[in-house]
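K.L.:
Questions regarding the structure given below will be posed in turn.
Throughout, read-outs are computed from the coordinates displayed, never taken from laboratory work. Worth saying up front: this structure is predicted, and the values here are computed from it rather than measured. Because the Cβ atoms are built from the backbone with ideal geometry, glycine has one as well, and the counts that use them run over all protein chains shown.
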Amino acid sequence: MQRLTLVLVERLGAGLIVAAVAALLIGCGPSPAQRVVRYGGHALRSLDEQVAPRYTAAHEKALADAATLAAYQREMEPWNALQQTMQTTYDAFVAADLALEAGGEDTDALRRAACLLAALDTVAVRLVALDVPVPAALSEALRFGESFTGRCTGGP
Amino acid sequence: MTANATGEIVVAILRVILDLIDRAFRGDEAAQAQLLGMLPEGPLKITVAANLAAEQAREHFRAR
């Protein structure tokens with residue numbers, strides 16, 4: 001494979017390949033609505049990396065502290081609320097991404113994508129309730145959505 | 001930048017893309033999603049942790 005690549009470089013010239021790769025990447029790029037949706041989804045994935053270990057730590061502490069299953073569940077309630085909000089929001093991003101990929105984009109797609117980003121605000125509220133600082137990626141995703149289409153004011 | 005250095009960068013980029021294509025064809029869903037620029041499907045890590053925690057908690061309090 002490496003030899004083939006080197007032969008390609010020699011024969012076609014580096015500049016030509018750079019132009020071809022760039023054209024491929026730019027030409028097949030996502031639509032603005034997809035960019036908004038994917039930005040939000042990736043922000044959630046990034047947040048997930050940070051909070052998943054914290055969830056496990058909270059679970060271990062609750063397991064050691066609680067005398068009953070009900071007490072454990074009470075202690076874990078804010079964390080479970082965060083988990084459910086994050087997963088539901090992420091699933092919505094994935095569904096929107098798939099729908100847009102399948103050609104479901106219309107003139108209103110961008111506004112609806114921004115409305116979806118507004119759901120990240122609920123995640124931020126859950127984080128504040130747990131005294132977990134809202135990561136920059138999440139606030140940036142919220143700002144990114146707003147800068148694209150303004151605040152989501154109407155129904156989706 | 002010399003032509004040689006440009007060539008090396010191009011080879012590196014192509015290697016990454018070819019590796020991604022290879023993994024995608026082998027059924028790696030994350031690679032497939034990355035190749036298409038789409039969001040990977042599947043549960044978040046916090047959901048996996050929550051499911052595991054719920055199971056552990058049930059076992060823990062049942063054993064008491």
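K.L.:
Pop the C-beta distance of A:Q73 and B:E8 into the FRET formula with R0 = 41 Å and round what comes out to the nearest 0.05.
P.N.:
Here the calculated transfer efficiency is 0.15.
K.L.:
Another one. Return the loop-located trypsin sites (Lys or Arg not before Pro) in the range A:43-87 (DSSP other than H, G, I, E, B) with at most 12 other Cβ atoms within 10 Å of their own Cβ; answer none if there are none.
P.N.:
Sites meeting the loop and neighbour criteria: none at all.
K.L.:
How large is ³J(HN,Hα), in whole Hz, for each residue of the range B:43-59 in order, when computed from phi with the Karplus curve 6.51 cos²θ - 1.76 cosθ + 1.60 and θ = phi - 60°, using x for Gly and Pro?
P.N.:
For the range B:43-59, the Karplus curve yields x, 6, 4, 5, 6, 4, 5, 5, 5, 5, 4, 4, 5, 4, 5, 4, 4 Hz.
K.L.:
A follow-up question, please. Residue by residue through B:47-58, how many Cβ atoms from other chains fall within 10 Å of the Cβ on average?
P.N.:
That average works out to 6.
K.L.:
Right, another one. To the nearest whole number, what is the average tally of beta carbon atoms from other chains within 10 Å of the beta carbons of peptide A:116-125?
P.N.:
0
K.L.:
What distance in nm separates the two pseudo spin-label positions at A:D131 and A:E49, each 7 Å out from Cα along the beta-carbon direction?
P.N.:
2.6
K.L.:
Computed FRET efficiency, Cβ-Cβ of B:D22 and A:A102, R0 22 Å: what is it to the nearest 0.05?
P.N.:
That gives a FRET efficiency of 0.25.
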